[in-house]
1. Could you check the simple spin-label distance between residue 54 and residue 2, using points 7 Å along Cα→Cβ, in nm with one decimal?
2. Based on the Cβ-Cβ distance of residue 323 and residue 165, what FRET efficiency does E = 1/(1 + (r/R0)^6) give at R0 = 45 Å, to the nearest 0.05?
3. I need the Debye-formula profile for region 224-316: one equal scatterer per C-alpha, no solvent, reported as log10 I(q)/I(0) at q = 0.18, 0.20, 0.23 1/Å, two decimals.
4. Under 14 Å from a point 7 Å along the Cα-to-Cβ line of residue 119: which residues of region 32-66 have their amide N that close?
5. If you rank 232, 77 by fewest surrounding Cβ atoms within 10 Å, what's the result?
6. So what are the three principal axis dimensions of the chain from its Cα atoms, in whole Å, longest to shortest?
7. Compute the relative contact order of region 2-121 as a whole-number percentage, counting only Cα pairs closer than 8 Å that sit 6 or more residues apart in sequence.
8. Once label points are set 7 Å from the Cα along Cα→Cβ at both residue 310 and residue 43, what is their separation, rounded to one decimal in nm?
């Protein structure tokens, strides 16, 4: 124990002063008079620190205040209580109650500031509004025109994937979707995004992919700058189609990483086909072109239906355990009617 050189109190001293005299007149915590908080006028996210974040406006104001709070050297902040008062739609008065630890003692400090909302445009929105893109994802078909169902399905998949990835990486976005003769083009924010999505779609549909680069200029440090085009050419076949394989009819029931799953329409057995053999599949009937037949009666392993063309009554084999409704999908293969599960 030593005596405080200022007040004479006997206790632990800091630079010859007791804790009270040491802290006397010192500003333990401070805030600037004004804090400008940027809000993107397009996406309405707030710029706090070095990040754009989705926040409710008062929470964003608290984040901005905490980011700008300064405390005396050696003080460890333990908690900050804040009261945010809206003065108008662009100005918020914030009172901060700071509790901390300094030289083994619990200390408190009060300070205030005004948070001013400033409209701006974040880099992502600026790029989107300026039609910025680094890669083009082209979806095409092996036939003349891309099936509308596949077009909608692939665009929806790309949108969903970008929304998911963009939630953790602001540099990921979809600039534009353009319907073009024979397919659809999607302009993407990054080359890596285009490459990743092209591979995912190729794996999902057993599609063929190609890549092409175009020199568009130089970077600030003199390196070549390219735009990449990723072509995903969808096969003629799609899930649900009736295809011919080794002279027999099958339903294409699955595609994964280029490999296929087939269900035989003769015996309803499932078989696999390697990606290297998928090109041999010949589409007999597209899923949307399957005929509807009315069920007349049901017996074990068979149903009676009305022939979709001449309306005669015919027997058709069905898989065990099949749930049969009033109508069923059928395919006519060389004048033989097959039930399509």
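1. Distance between label points: 5.7 nm.
2. E(calc), rounded to 0.05, equals 0.70.
3. Summing over Cα pairs of region 224-316 leads to -0.89, -1.01, -1.16.
4. Correct set: 38-45.
5. If I rank by nearby Cβ atoms, fewest first, I get 77, 232.
6. Between the extreme Cα coordinates on each principal axis of the chain lie 113, 56, 41 Å.
7. Answer for region 2-121 is 26 percent.
8. Between residue 310 and residue 43, the label points sit 6.4 nm apart.
Rule-based calculations on the coordinates, nothing more; no lab input. Note that this is a predicted model, so its numbers are computed, not measured. No Cβ is skipped: glycine too gets one built from the backbone with ideal geometry, and neighbour counts run over all protein chains shown.
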